[in-house]
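The values are calculated or read from the model by the stated rules, or taken from the named source; none is laboratory data. For clarity, every value in this text was computed on a predicted model and none was experimentally measured. Glycine also receives a Cβ, built like all others from the backbone with ideal geometry; neighbour counts cover every protein chain displayed. Quick note on the areas: whole protein, heavy atoms, side chains included, nothing else; ligands and nucleic acids left out. Shrake-Rupley method; radii C 1.70, N 1.55, O 1.52, S 1.80 Å.
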Amino acid sequence: MSAVPESPSRPAVTEREARQVAEAAREQDWRKPSFAKELFLGRFRLDLVHPHPLPSDEEAQRGEEFLAKLRDFCETKIDGARIEREARIPDEVITGLKELGALGMKIDTKYGGLGLTQVYYNKALALVGSANPALGALLSAHQSIGVPQPLKLFGTQEQRDTFLPRCARTDISAFLLTEPDVGSDPARLATTAVPDGDHYVLDGVKLWTTNGVVADLLVVMARVPRSEGHRGGITAFVVEAASEGVTVENRNAFMGLRGLENGVTRFHRVRVPAAHRIGEEGQGLKIALTTLNTGRLSLPAMCVGSGKWCLKIAREWSAAREQWGKPVALHEAVGSKIAFIAATTFALEAVLDLSSQMADEDRNDIRIEAALAKLYGSEMAWLMADELVQIRGGRGFETADSLRARGERAVPAEQILRDLRINRIFEGSTEIMHLLIAREAVDAHLSVAGDLIDPDKSLTEKARAGAGAGVFYAKWLPKLVAGPGQLPRSYSEFRHGIDLSPHLRYIERTSRKLARCTFYAMSRWQGRMETKQGFLGRIVDIGAELFAMSAACVRAEHLRSRGEHGREAYQLADAFCRQARIRVDELFGRLWTNTDDLDRKVVRNTLAGGYAWLEQGIIDPSDDGPWIADASPGPSTRATVHRPIR
């Protein structure tokens, strides 16, 4: 098959240029401490997360009052089965959420919002997402990555005064970055914004625009060409969805999230006032990545809600269903699945609440913590849902409507499996999250030794980097030899009936081991380290497990100290840590004993057609259309399916 030719409007970039664009967009400095960053460096800074941070009494009261109203609305006004059946959220439901103030949960009260903390915003998303995940996605896309968050972080006061009151009560927003041939490689972004006096003229096509079908306001990423007086680069704009030249060409349909208002949006000579540009030219990707630092926490919030529901159904069903004279829960093969769901749900909520409270306090840099929460939450929630389907057996594979039709409880287990699957792709796929987190995890090494392994640097620059690296490693490496994890009485404050201190000692020891492995790999592969994506993914997964173990222990002690199910929390934390330690030990084994090299050979031969004979004997039901739709700029040939809700 021939390669897809480059579109005239699509920039042709090399792999190195693409990496440089991504590197320029990331935050370069660490002005605040980071628990997760220290963990990857072999330093277990328990003091950064323990005692567990808490919201103020006033914040908690405001949050609980809204949750009570939202729960009543969800129970009385939302019919999740209807949304699934009709593949659309009824207008009256969205209108009701607007009247409740749900569009403004994260918007400051001075702009008409509710001013909830990240902690309570996440609790609200978990609640509404349990009623129907498409609703959670709508609210999240609007506030976590839509217009409110970028303006909060980078907007001018005039922009906030203009748009935030609208976003708080009436206007739905969407975030538009992805294009038909541009996913996680924004260097190839083809949508353009050409300066024209005090306006910019937008041309291009955006794909998978969540909320795009119903949105009133859009955050659009477009490339500004460099010219006199314009530095150019990828730039963010607030665009009125009703602007002339904006066409929603298709409402996309998916495996799950059937009520999702996600579309394809075309811009043809759309004039956008320069006053609607967010930040400076060229800051678009930085704005997007910074927005996602906390925006990513919305996905694990809904994963926590899903875990709680999976646990509830697994408990109720496994107690009612009997096989061979006793409830299926008491058969070890099923019981182990329930134990996994219970322990993992506890840990996910611990990770979410800890990361969210740290975000509220703004005392720590949580870019790695939020990314780990998204990565770990999306992967583990999918596993829990899969286990629930297995526990339910044939009923897990049967739809809720079918169960209801034949007189049984309509449990949508197969639906939650479909709905959760996208979270491993949304807002950074698992594979991209591995690379993103790995880059941040090795930042300290690249800061002191980056020039040493850069093939484009001169011998003088390499020598200078070598001297700096020598000083850094002379101080750092000896600290990886021993630590509190080797002292039997360390972390004794976590001994209350059930003893969690061995798990904390394990985390401390394993953190140092993880750092040693990372250093060894960098020494071994140097500049080729970035190509070892299998290795880097396992390093990140180990860090994610250690972070989750830390959060689970800290949460258990926090609940015990407040007299809130302390004994049960300790039991769940203990179970989770024991399960996690088995996974960590397996991941360490796979760092050096794996099939990565052989896999690469198989992949190359597969692409060369060497195994095409293996594909014989089947019928391919897909049609012969193009793999990637044409996204050439120009006027739309379709009627818009945009339907603003008023």
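Numbers below:
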item: Cα centroid of region 270-315 to Cα centroid of region 528-601, whole Å; result: 24 Å
item: Too-long pairs where the Cα-Cα distance tops 29 Å, listed order kept, from K37/K462; K206/K532; K337/K601; result: K206/K532; K337/K601
item: Order by protection proxy (mean Cβ within 10 Å, highest first), peptides 130-136, 606-612; result: 130-136, 606-612
item: Near-label residues of region 574-589 by backbone N, under 19 Å of a point 7 Å along Cα→Cβ of S336; result: 574-587
item: Whether the chain is rounded, prolate or oblate, judged on the alpha carbon gyration tensor where a/c under 1.5 counts as rounded; result: rounded
item: Candidates per chymotrypsin sites (Phe, Trp or Tyr not before Pro) in region 494-525, loop by DSSP, up to 10 other Cβ within 10 Å; result: none
item: Nearby lysines by direct alpha-carbon distance to K110 (threshold 23 angstrom, same-chain neighbours under 8 apart not counted); result: K69, K98, K123, K152
item: Dipole of region 420-506, positive end: most advanced residue of I432, Y506, F472 [Cβ charges, Cα centre]; result: Y506
item: DSSP-assigned coil residues among chymotrypsin sites (Phe, Trp or Tyr not before Pro) in region 193-300, each with at most 16 further Cβ atoms within 10 Å; result: F254
item: Whole-Å distance, taken between Cα centres, linking region 323-356 and region 478-516; result: 26 Å
item: For region 380-399 versus region 130-203, the gap between their alpha-carbon centres in whole angstrom; result: 35 Å
item: For region 182-328: rounded, prolate or oblate by the Cα gyration tensor [a/c cutoff 1.5]; result: prolate
item: Solvent-accessible area, 1.4 Å probe, carbon plus sulfur percent, for the chain; result: 54 percent
item: Per-pair calculated FRET efficiency, R0 = 35 Å: S447 and D108 via Cβ, rounded to 0.05; result: 0.50
item: Residue among L559, P225, I366 farthest towards the positive dipole end of the chain, charges placed on Cβ; result: L559
